[in-house]
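The values are calculated or read from the model by the stated rules, or taken from the named source; none is laboratory data. If you're wondering where the values come from, they're calculated on a predicted model, not measured in any experiment. Just so you know, the surface numbers come from the protein's heavy atoms only, side chains and all, with ligands and any DNA or RNA stripped out. Shrake-Rupley method; radii C 1.70, N 1.55, O 1.52, S 1.80 Å.
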Amino acid sequence: MHVIRPPLTLLLAGLAVLVGMAGLVRGSIPQTVAAVPATPAGASIVVGGAYLRVPANDLNTAAYFIIYNTSSTADVLTSITSGAGGEVGLETYDTSGAMTGLASGLTIPPNSSVTLSPGKVHVMIQQLYGTLKAGQTVNFQLTFQRAGLVLVTAPVIGLLAPAPTAVAPK
């Protein structure tokens with residue numbers, strides 16, 4: 001009896017496809033980390049009022065929040081990542097009304113705050129990995145020049161739901 005075996009490269013390619021598909025399925029499930037605080041106690045950067053609305057399409061959405069800098073030194077939000085989409089970044093509207101990326105980051109003045117809001121500076125999430133529904137949460141990792149990594153969990157709210165309010169740090 002003669003047994004025919006597929007070439008090893010074919011088996012490895014099939015395994016790679018299965019692993020890749022598993023990653024896509026996992027990536028399409030919004031992640032939640034309810035036990036992770038928005039910012040550690042005593043941190044100089046505090047994030048509050050985070051949320052995003054149910055997207056109008058399954059392609060992209062925006063997130064909003066308030067960033068408080070409780071230190072006497074300015075800090076810069078240099079990058080944002082999230083498992084909700086393929087591309088995540090800070091955007092604003094230029095004088096012509098077109099959205100543009102903030103490549104140089106977002107400066108948070110000392111002892112002050114910056115509000116990310118609709119029609120102004122916001123976090124744009126593009127190439128969503130799955131459908132976002134009201135009641136789910138989306139996690140973000142914000143990287144600051146001085147404060148380092150800040151974790152934020154934002155609820156997904158309905159289109160007509162009121163935005164969460166933030167309490168300023170003391």
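Each DSSP beta bridge with both residues in region 31-170 is either parallel or antiparallel, and the antiparallel ones are about 95%. Among the protein heavy atoms of region 94-170, carbon and sulfur supply 56% of the accessible surface, probe 1.4 Å, non-protein parts ignored.
For region 83-123, just say rounded, prolate or oblate: build the C-alpha gyration tensor, square-root its eigenvalues into a ≥ b ≥ c, call rounded for a/c under 1.5, and beyond that prolate if a/b exceeds b/c, oblate if not. Since a/c reaches 1.5 but b/c is at least a/b, the shape of region 83-123 is classed as oblate. D58 contributes an accessible area of around 90 Å² to the protein surface, as traced by a 1.4 Å probe with all chains present. Along region 106-114 the Karplus relation, 6.51 cos²θ - 1.76 cosθ + 1.60 evaluated at θ = phi - 60°, assigns HN-Hα couplings of 10, 7, 10, x, x, 6, 8, 9, 10 Hz to successive residues, with x for each Gly and Pro.
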